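Heads up: the structure comes next, in structure tokens.
Please treat every number below as a calculation from the coordinates, not as lab data. This is a predicted model, so every value here is computed, not measured. Every residue, glycine as well, gets a Cβ built from its backbone with ideal geometry; the counts of neighbours run over all protein chains shown.
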Amino acid sequence: MANTSLSHPAPPLSVEAAPAAPTRRDALLSLGARCSLPVIVLLAVGFVAPLIAIFAYSFAKPRTFEVFRSFTLVNYAEIFNVNNTVWLSFLWSLGFAFATCALLAVIAYPIAYGLNRVFGKWSSLVSILFVFPLFVSENVRLYGWVLFFIKNGVLDGTLKTLGFEGGPQVLYQPPMILAGMLYVYLPFMLFPMTLGLAMVPRDLIDAARDLGANRWQIWREVELPLAMPGILIGMLLTFVLGIGAVAEAKILGGQSVIVISHDIEIAFTYSQNWPLGSALAVVVTIFIGALTLAVFSRLDLDRLLGRR
Amino acid sequence: MEQEKARTRLFIWLWTAFVVVLLYLPIFCGALASVSKGRYFAFPVRAFTSEWWEKTVDSIEIGMIVHTSLLVAALVTVLSVVVAFFGALAFARYDWKGRRLFQKIVILPIFFPQPVLGLALLLWFSAAGIQTSWLTAVFAHLVWIVPVVTLVIAIQVYSFDPSLEEAAFDLGATRWQVMREVTLPILWPGIWSGALFAFLLSWGNFPLSLYTAGADSTVPKWLYSKMVAGYTPMVPALGTMSTLGAASALLLGGLVLWLLRRRAVA
Amino acid sequence: MTQEAAPKLPILQLVGVRKTFNDFVAVEKIDLDVIEGEFLTIVGPSGSGKTTLLRMLAGMDQPSEGNITLHGARINDVPPNKRPTCLVFQSLALFPHKSVGDNIEFPLKVRGVDAKARKARALELMRVVRLPESYYSKNVMKCSGGERQRVALARALAYDPEVLFFDEPLSAIDYKLKKVLEKELKDLHKETGKTFIYITHSLEEAMVMSDRIGVMRAGRLVQVGTPEQIYNHPVDRFVSEFVGEVNVIEVKKGEDGAPWRGVDVPGAFHVRPPEEDAGAEHAFVVIRPEYLRFLGAGDTAQNSLKGTVYNEYSLGSRIQYQVRVGEKVMLVELSRSKALPIAADRSVTVGWDAADAITVRA
């Protein structure tokens, strides 16, 4: 802008830019589809096909393997039978999933906020601390809690050494299952939420404050609505994973509660009733699929993942 | 105002520290149990021993299981990175007709409960007449891990300026040269993170291995079977080793990633 | 004695304001009085500290040293939501999840104004900034660049601030629309009577709108004055070059009253001593291209230089010639009607009078 008489650029070259070949754009279009092929094939064979198989099995005669050779609705009838305890399992799973999702939103929010606004140069380290447990098998981590809470375990032993009565017996109770789920699924809430909060431009917060909003108003009017896509994904993820959770109930819950995935597993293994297990899996799949698609139809993944 | 801000910051730091402590407490408990004498764990630990670690290292059975786990994880890493690399390009780089749908399809398996997915695959393998083994477990892991890795790489792809590729084409490079000279070097950090995720997620995966590995056992599967019945302190010992192994892999991978990023900046 | 208009009081005062980020000094000891109701523009190249200065005025950053007072009261630590000032961001910072109307109503909503009164005020402001009423419920992300500009302006006005700050809001707007919006902003300033503080890197923009201009360089406020003062009496070479394309000749005073001698061009010159420092021995002579002329046979000027024309550019109504004088390139601008059909590489003599040149200290 401020130009001096000392340094004038050489006279501009008068070379015409060659027009871009029109075919290149067309080629790119199909290139995208071609790149997607390996993933599509994998998911068709490894995800869609098994779901179809389950669907087919769910109409087979109970306790048989006569897939495609028999058609019956008995399996579904059994699930929807009021006397069947499957309903209870489903309710337990729903309840756990709902509580997990709601509590994790509250637990993870301050951390997600911190990762975006407070931790500064430490935030990568803090993120790694939260990612790492994902790579340790969940049953190893859950078993650690057993060692912590068990009789003569870390808590009990410490309290006894200090002269107290000894630790409370919280193992093998429903609240412990919930705690285990909170523990295992925290990263699944935290990271989408962090991504969501990162989408709120600093300028908008400054502008809201400049226009007279207090902290609560900034949060409610600007921060929360703009971070919502991320928060929504986090909630969906934890809810859905919570519905399918089984290790928590088995390791921390003893046999006090049977969750829906456990029921499915029992049908597949001990009772060797694949058609019933399939029918249960179909119900769960439809429930989860409908929920997921409903949420996804409202989200723009490009924006959330940072497309410019 | 300033004071209130400082208090909020303090609260956030303390809360995060508290959650991190809870996150690592059980891992620590496991480590403690693996070095305490006696068949059953009791706290405070009266005597320490390396007996269980030695036994674990010497065990032929565990050696085989670790071998299987490593093999599965390595295979999953290589395959998933290749597939997910192209998947990520389709996800984030190219504008094509089916992209939005493709994005949703890719995400769906991540949102699917793994125990149910594992059982569905088991049923599918049996319907297709395939004997389950560690090879089918590799396939099962891919179904879940490829979408995750696709997302991880896609995040890097999003920050990639497509005009760089166009410039390279314009300067006379072939498609392969563009890939080798421009696209790959810029996406390396994302690809490496994806590989790291693939390896570690496969290494630690339990629900899919449980149903799809057949008679073969992986580390998490073996641990689980011993937790349910037949506890020995070798369980926390192997668990701790597996954790330490994952931690060193993460550290090493992180170091490489850091070097890649530095090279990209330099 | 004639009755003089009461001098307007400073609304904002900066005394020794300094801002450092670790070791980096972003703003260095600025003293400035902002007069109530004026349109003050701070110009400077990017990185000169103007945005930091503005953020301190708006309350988003705190000065490391010095005081900012509003109506005489220190406001260093008053947060932005408690200041009667409002900033229009470079990014505009419009809330993407709110409609045009909801954006404008935001400051009223957080103040607890009821919905009906809010809407009435929003529509009123939309008229002021020339937005059609039908835009009230339009998605703000679907508005064009110019429309967004108006929404941001209306939203700031809804806050009813005493001072409005602008952080290069027109930087992303195309030239033609920019000219329109500049004039509208100037009109709005008159209509509202509020104090406007505007920052930009474009002096051209500043010249059009401002009552006063402050020029910043490397964290310092180099000169503050009316557009006329900045244009005709720049305090140093930096300011003079910032105003536009100029010819600069380095000169040194001859001994014992001998005339000034050129350092980077040969010859002796008639030079007015620098206004700031009449005793200076070393100075820069700044000549605007329109004050340089070609000297034909019989034409005279106080100063002259011989050179070769090697290029010409059309600037619309004027034509600019590049003349090589030794190692230096001098610019000469003539109006198109006076243009001479000069062949390239023709030898010429360019000349100017001392009164048409500005001398600034080195």
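Side notes on the structure shown:
- Sequence-separation-based contact order of region C:246-362, relative, with Cα cut under 8 Å and 6+ spacing, percent: 32
- For peptide B:198-209, the mean count of partner chain Cβ atoms within 10 Å of a residue's Cβ comes to 3.
- Those lysines that a straight Cα-Cα span of less than 18 Å connects to B:Lys226, excepting residues fewer than 8 apart in one chain: A:Lys250, B:Lys55
- Other protein chain C-beta atoms within 10 Å of residue C-beta, averaged over C:87-95: 5.
- Net charge of the neighbourhood of C:Ala93, taken over other residues with C-beta under 10 Å away and scored Lys/Arg +1, Asp/Glu -1, is -2.
- Based on DSSP H segments of at least four residues, each scored -39500 (n - 2.57), chain C has a per-residue ellipticity at 222 nm of -7000 deg cm²/dmol.
- For region C:1-100, the relative contact order comes to 27 percent (Cα pairs under 8 Å, sequence separation of at least 6).
- In the structure shown, the pairs C:Lys29/C:Lys109; C:Lys186/C:Lys338; C:Lys82/C:Lys190 are assessed against 31 Å; a Cα-Cα span above that value is assigned to C:Lys29/C:Lys109; C:Lys186/C:Lys338.
- Ordered by the number of other Cβ atoms lying within 10 Å of each residue's own Cβ, fewest first, A:Ser297, B:Ser80, C:Ser48 fall into the sequence A:Ser297, C:Ser48, B:Ser80.
- Where only DSSP H runs of four or more residues are counted, chain A gives -20000 deg cm²/dmol as its mean residue ellipticity at 222 nm, each run worth -39500 (n - 2.57).
- Hits among lysines - C-alpha to C-alpha of C:Lys253 under 28 Å, sequence gap 8 or more where chains match: C:Lys306, C:Lys328
- Reducing region C:213-273 and region B:194-209 to their Cα centroids gives an inter-centroid distance of 69 Å.
- Annotation: lysines with alpha-carbon distance below 19 angstrom to C:Lys116 (same-chain offsets under eight excluded): C:Lys98, C:Lys138.
- Taking other C-beta atoms within 10 Å as the exposure proxy, C:Lys176, C:Lys29, A:Lys250 rank C:Lys176, C:Lys29, A:Lys250 from fewest upward.
- Neighbourhood net charge (12 Å Cβ-Cβ; Lys/Arg +1, Asp/Glu -1) for C:Val113: +3
- Around A:Trp274: net Lys/Arg minus Asp/Glu count, Cβ-Cβ under 12 Å: 0
- Where both bridge residues fall in the protein assembly as shown, DSSP classifies roughly 75% of the beta bridges as antiparallel.
- Computed over chain C, relative contact order equals 15 percent, with contacts defined as Cα pairs under 8 Å that lie 6+ residues apart.
- For chain B, calculated [θ]222 nm from helices alone, where every DSSP H run of n ≥ 4 adds -39500 (n - 2.57): -25000 deg cm²/dmol
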